[in-house]
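Let me begin by presenting the structure, written as structure tokens, before commenting on it.
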Amino acid sequence: MKTATACAALTLLLAMPAHAKTSTAERFDAVVRVQPGGTLDVTETMVFRFESGTFKDVVRVLPTRRNDGVEVIEVWMDGRRIAIGKAPGQAAIEGPARNRVRWRFPPASGSTHTFRVRYLVQGGIRQDVRGDLLVWRVPGGEHAWPIESSAVDFELPGGVSAQTSVDVRRAGTVSSTATATGARVTARGVRANGWTDTTLLMPAASIVAAAPAWQVAERQRSAYATWWIGAAGIVLVAGLIPLFGLRQGYEPPPKPDPGAAPPPASWFAEPLPPGIAGAVAAHGRPSLEHATAALFALADRGIVVVKEEKRGALGSRSYSLARAASRHALAPHEDAVLDTVFASGGEATVTLATARSRLTRRFSRFSRAVAAELQAGGLVDPGRQATRRAYLRVSALAFVLAGATFAGWLFTMDRWAAWPLTIPATLVCTALAALIMSGTTTPLSNEGVRRARHWRAYKDHVKAIAKHRGDPTVASQVALPYAVALGLAGEWSKYLKAQPGRAPDWFHSAEGADGYSAFVAAAGAGPAQAHAH
């Protein structure tokens, strides 16, 4: 399909109030006079029938793509020439390119009106290897109204002939005939958003001796395309070199031995606190689920007590958490959870909603404590951590540079078109590659990787039990804090509801075990993830 150059790139927008309005173009006619040198003298006549609703103005957007500008000469309404201005009964010329004509008139409905505009199009004829070329689209743009009939007359300078072809979209019958002065194209039954594209090919240099300014600029931009693509290639190579360099210096952990998975009886042979175990299974990245798991572990040790409050008016559940006096020695990440939830000892009781909100907003304290414990336990490798951080820094830098180069393109887009976008596109690709490589780089030590596989295998074990694929007799091996830490609170809640038992001593509810399964789902399932970097 040919691209319209001096086409009527218009949208007739009939200014619409909130209620629906409909209109039909009984006629959409144009006379396109081609002048020596390539200027087009265009007169368009549009007859609109306002069928329902009230209309106060009509807007016509004149073509500005692939030409050197338009100039409105005269405007008429209902056979009467009207003044240019913004007052009622006048036609306003609007827009940065001065290409929007707005007819203003008293409210009208159930009536038919004729709108006419004459304008000049500079640089409307382009040079082609076959000759001088004019492409004209009627009506152009998007339009919700149908056109009953359309006639476009092309008038060429004396002695100039043209080969005419027509392309259509969503139109009924279309015909093209030669005339004494050029050509005539008629169409009937043009549906909404339909158009006709008329191409006139004239002998070379019969109309224009040189290409219009917009075509010269387009050729210059195309000439630099190879340069921009080459520059983008250099940027891509420059971005990938450090990524591959980092990968060469990265020592991957040993591959797992398929037969080395521990049997269910030894899941807790190498115990880790639930919050730490969850972070290890997540490749050293603490999340809100791990903080919640630490809270469950504290409850198991009697340090936190949970009580279900009275149901709300709509049956909604609410829970309160109370801190009990205890002499248990706490790990740093457990201290961080308690101090965050209970405001550093300032409160004895808080709601579950408040506890989750505080853990989310002040997650960094828990994250730092977990990172320190992983480091102290030899579960992270400093070299691998440094490699992963380097990938993230490269990614962030590439994204920043992509944004900066895109902003620079905005100021030069008229000169260079879209070719400079190859640079920010390449930088975005580099940034994404760095993110992917950081995701495939574990910060864990070999021991940490071994423990992570251990806990992920345990996660699969819990899933099997929860889905009744495992032996229910081994359900006692499942410790709730670990199920929460591994992201299985929802699954385990369903299992508890299907296989009710006694609720733990730290949970108080009039519903007993049924209330306990609901609490597990409410407290542990679906928290927003918060990762430490």
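Points worth noting:
- Checking the range 446-463 against the condition returns no match, with no residue being closer than 27 Å to Gly383 by Cβ, modelled with pLDDT of 90 or more, in contact with a Phe, Trp or Tyr (Cβ under 7 Å, 6 or more places away or on another chain) and not aromatic (Phe, Trp, Tyr).
- Condition check for Val190: buried (at least 20 other Cβ atoms within 10 Å of the Cβ) and of a type in the set (A, V, I, L, M): yes
- All positions within the range 142-187 that are closer than 21 Å to Asp41 by Cβ and either of a type in the set (Asp, Glu) or in a loop (DSSP other than H, G, I, E, B) (or both): Asp153, Glu155, Leu156, Pro157, Gly158, Gly159, Val160, Ser161, Ala162, Thr179, Ala180, Thr181
- Filtering Ala151, Ala211 for residues that are at pLDDT 90 or above, under 27 Å from Ala417 (Cα atoms) and surrounded by 14 or more Cβ atoms within 10 Å (Cβ to Cβ) leaves a single hit, Ala211.
- The residues listed here are Ala355, Ala336, Ala369, Ala386; of these, the one that is part of a helix (DSSP H, G or I), among the small types (Gly, Ala, Ser), in the same structural domain as Phe519 (by TED's automatic domain parsing) and closer than 19 Å to Ser445 by Cα is Ala369.
- Residue match in the range 477-486 (condition: over 19 Å from Val304 (Cα atoms), modelled with pLDDT under 70 and in the same structural domain as Val350 (by TED's automatic domain parsing)): yes
- Looking across the range 117-147 at every residue that is surrounded by fewer than 20 Cβ atoms within 10 Å (Cβ to Cβ) and charged (D, E, K, R), the one that is nearest to Ala210 (Cα to Cα) is identified as Asp128.
- Within the range 214-253, the set of residues being basic (Lys, Arg) and modelled with pLDDT of 85 or more comprises Arg219, Arg247.
- Members of the range 57-90 that are touching a Gly at 6+ places or on another chain (Cβ under 9 Å), touching a residue at least 24 places away in the same chain (Cβ under 8 Å) and either over 12 Å from Leu120 (Cα atoms) or aromatic (Phe, Trp, Tyr) (or both): Val61, Arg66, Met77
- Tabulated pairs, the range 217-234, first closer than 12 Å to Ala418 by Cβ, second basic (Lys, Arg) and at pLDDT below 90, C-beta under 8 angstrom, 6+ apart or interchain: Arg221/Arg415
- Any hit, the range 405-428, residues being within 22 Å of Ser287 (Cα to Cα) and either in contact with a Pro (Cβ under 8 Å, 6 or more places away or on another chain) or not assigned by TED's automatic domain parsing to the domain that holds Gly284 (or both): no
- Qualifying residue in the range 498-510 (condition: modelled with pLDDT under 60 and either touching a Pro at 6+ places or on another chain (Cβ under 7 Å) or hydrophobic (A, V, I, L, M, F, W, C) (or both)): no
- Selection from the range 80-93 of residues that are exposed (fewer than 14 other Cβ atoms within 10 Å of the Cβ) and either more than 19 Å from Thr114 (Cβ to Cβ) or hydroxyl-bearing (Ser, Thr, Tyr) (or both): Gly85, Lys86, Ala87
- Given (1) of a type in the set (Gly, Ala, Ser); (2) part of a helix (DSSP H, G or I); (3) not assigned by TED's automatic domain parsing to the domain that holds Thr422, index of the condition Gly239 fails: (3)
- Subset of the range 407-445 [more than 30 Å from Glu218 (Cα to Cα), in a helix (DSSP H, G or I) and at pLDDT 90 or above]: Ala431, Leu432, Ala433, Ala434, Leu435, Ile436, Met437, Ser438
- Of all residues in the range 411-446, those being in contact with a strand residue (DSSP E or B) (Cβ under 8 Å, 6 or more places away or on another chain) and surrounded by fewer than 21 Cβ atoms within 10 Å (Cβ to Cβ) number 0.
The values are calculated or read from the model by the stated rules, or taken from the named source; none is laboratory data. If you're wondering where the values come from, they're calculated on a predicted model, not measured in any experiment. Heads up, the Cβs are rebuilt from the backbone with ideal geometry, glycines too, and the neighbour counts pull from every protein chain shown.
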